[in-house]
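The values are calculated or read from the model by the stated rules, or taken from the named source; none is laboratory data. Given the structure is predicted, the values throughout are model-derived calculations rather than measurements. As a convention, Cβ positions derive from the backbone with ideal geometry for all residues, glycine included, and neighbour counts pool all protein chains shown.
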Amino acid sequence: MYQSLEVFYEKVDDCPLRDRQFNFFEMVYVISGRGFHTVNGNKFTYSQGDLFLLAPNDCHEFDLEGTCEFMVIRFGEQYINHYQFKDKGHIACLLYYTSHLPGAIVLNADDKIMIASLMGNLRMISEHQSLYVEELMHHLVHAIIVLVAKNIAIINPPKISSTTDIRLMEILDYIQANICKPELLKIAVIAEKFGLSPNYLGHYFRKHCNESIQQYISSYRIRLIEHRLRFSDKRVHEIADEFGFIDESHINKFFKRYHGISLKKYRIASLSI
């Protein structure tokens, strides 16, 4: 990529690149047409109104059944860094769940209507270079990201059973919204928030998620810390402050339990990949 954000329209009869792999995020919206989309060996049907999200290093291709129209949005680390400090929740949600998404990601009917409108406006301004086009484009893409994050939130994480109910999703939303506030993630506090006893909350969460609530919170926090190290320029002490750790020593001790290395060594290793 030559810019932090790229947006373009495509009308094609055949996929120009087969089995392609990039080092940036890519959203592909189907304006018209149908066919099959293969991601990392998994094949999905697609049709008008579907939206796919590809993560860096995902391998994918389209098998078109006739002429198809697409809107393509690509964004890299620079774009992520820009929103890292403004809307961490939306970006983190994309980063955390992207590798687990089963096919098209916008499921809500009303959201699909809004996505179609936003994509139409995005196509229109991308084809007419004028004053403030870049600013408008960023606002539209950001709105799309918010809608995508909203829909990803209702897709069950990989360890959650198919019997998930609304209360569990509310608990997960609460955990994700307060992941940087350890004092709000104590079992007693969460239990009181949802009118449950601590013992029942623990049993209920494990039954539906196949892991303890403490394990879920820790693994989610670890994943977000990994993304701060990979996609931001934050110093270790700044990451520690963000996630409510006392100091660098405290966050390193927590991180080493999962990776066996310090945050600085993890960042160096990830940059060398």
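Values computed for the structure shown
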read-out: First in segment 104-116 and outside the structural domain of Tyr9 (by TED's automatic domain parsing), second anywhere and surrounded by 21 or more Cβ atoms within 10 Å (Cβ to Cβ) and part of a helix (DSSP H, G or I), Cβ under 6 Å, 6 or more apart; value: none
read-out: Some residue of segment 198-213 being closer than 23 Å to Lys256 by Cα, surrounded by fewer than 19 Cβ atoms within 10 Å (Cβ to Cβ) and touching a helix residue (DSSP H, G or I) at 6+ places or on another chain (Cβ under 9 Å); value: yes
read-out: All positions within segment 45-56 that are over 16 Å from Phe70 (Cα atoms) and either part of a strand (DSSP E or B) or in contact (Cβ under 8 Å) with a residue 40 or more places away in the chain (or both); value: Ala55
read-out: Hey, Ile261 surrounded by 13 or more Cβ atoms within 10 Å (Cβ to Cβ), touching a helix residue (DSSP H, G or I) at 6+ places or on another chain (Cβ under 8 Å) and within 20 Å of Leu185 (Cβ to Cβ) or not; value: no
